[in-house]
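Laboratory data are not the source of any read-out in this text; all were calculated from the coordinates shown. Here the structure is a predicted model, which is why all the values come from computation and not from measurement. Virtual Cβ from ideal backbone geometry, glycine too; neighbours counted across all protein chains shown.
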């Protein structure tokens, strides 16, 4: 598919953080004929120009190939972060569900598959220089999220080898934020004991400075634009997606007006593990271990081959997200509901 002109695009996970942005971007594109969103629960107020089907990828009851038949592309975004205490459950949705999607793409002869991979698929790497898409993607094996993303990279290696007629694109975005996802991400990572209104600069006199805590962020709408561009361009392979600059405690300290205080990695990890084991927070200490080891990404390929430029800097992304936390922002979909739907 050299262009999205007159095309029918199917989007899995269409009601989540990334899915809502992708569906909106595609629905607004005059060259896209129709957008078909798949989600476990259909939104009450779907975007105009979109159609919807209720699908649970963890279930074997539905014929995905029948849903995909006639599509010009499938954008696969569906992903479950919880429950972190039961990795078999997330494996069923994320890995086995993705295998069902890939098999259905092949059975329905869909010419284009765009898959949402992640920076989490990468093997441990440097924090002082960015790496390109050739960096190994074996993940951090102790973290279910990274293990699942890396496993699907190997599955897609075989898929591309066996089905060269299908154009496969793998997006590897940094950590994704937007105002409307704030309530969902608070629930996923902070849990019910982290009230959103507490995310105020004046309540943080200092910030823990943990060695290796340097990462990248990206506005979800900027990621969605990269997905749209990938549908319009005859590209294949992987694309790193991140905004500048990299996020570290110095940058966060400037944003919050807070003083960095050095905290040993073992102390931070022990505290998080204790809270996770007591089910006080849903964020796994294994994912914390991975974040400390993930490399920084070079996004040159996305800029050159897709013509992609993020509109938001990393500080702008985080400021918008923190505002969403304080406001209890959300959107009218089941995953993104907040105290305020918008």
Original post:
Using alpha-carbon positions, what is the distance between the centroids of segment 279-342 and segment 108-144, in Å?
Top reply: 17 Å
Subject >> Degrees separating the helix 144-162 axis from the principal Cα axis of the chain, which is the longest one >> reply: 30 degrees
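Based on the Cβ-Cβ distance from residue 129 to residue 61, what FRET efficiency comes out when R0 is 56 Å, to the nearest 0.05?
Details: r = 48 Å, r/R0 = 0.85.
Rounded to the nearest 0.05, the efficiency is 0.70.
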**OP:** At 7 Å along the Cα-to-beta-carbon direction for both residue 34 and residue 334, put a label point, then send me their distance in nm to one decimal.
**Re:** 2.3 nm
**OP:** Could you tell me how many degrees, from 0 to 90 and to the nearest 10, lie between the Cα long axis of helix 314-327 and the main elongation axis, the longest principal axis, of the Cα atoms of the chain?
**Re:** 80 degrees
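Using r as the Cβ-Cβ distance of residue 244 and residue 266, and R0 as 30 Å, what FRET efficiency do you calculate, to the nearest 0.05?
Details: r = 31 Å, r/R0 = 1.03.
Between residue 244 and residue 266 the formula returns 0.45.
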Original post:
When 105, 131 are ordered from fewest to most other Cβ atoms inside 10 Å of their Cβ, what list results?
Top reply: 131, 105
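Distances over 18 Å make up what percent of all Cα-Cα pairs in segment 277-342? Provide the component values of the computation, followed by the final result.
On the way: 1457 of 2145 pairs.
Cα-Cα pairs of segment 277-342 separated by over 18 Å account for 68 percent.
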Subject >> Cα-based Rg / Dmax (Å) for segment 1-121 >> reply: 13.9, 44
**OP:** With everything on Cα atoms, drop me the angle between helix 220-232 and the longest principal axis of the chain, reported from 0 to 90° to the nearest 10.
**Re:** 30 degrees
**OP:** For the chain, restrict the atom set to alpha-carbon positions and state the Rg and Dmax in Å.
**Re:** 19.4, 57
**OP:** Sticking with the crude label model, points 7 Å out along Cα→Cβ, report the distance from residue 154 to residue 45 in nm, one decimal please.
**Re:** 4.5 nm
Subject >> Pairwise centroid distance, computed over Cα atoms, of segment 51-74 with segment 238-276, Å >> reply: 39 Å
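What does the helix-only formula give at 222 nm for the chain: each DSSP H stretch with n ≥ 4 adding -39500 (n - 2.57), the total divided by the residues, and the result rounded to the nearest 500 deg cm²/dmol?
Taking each H run of at least 4 residues, the total per residue is -9500 deg cm²/dmol.
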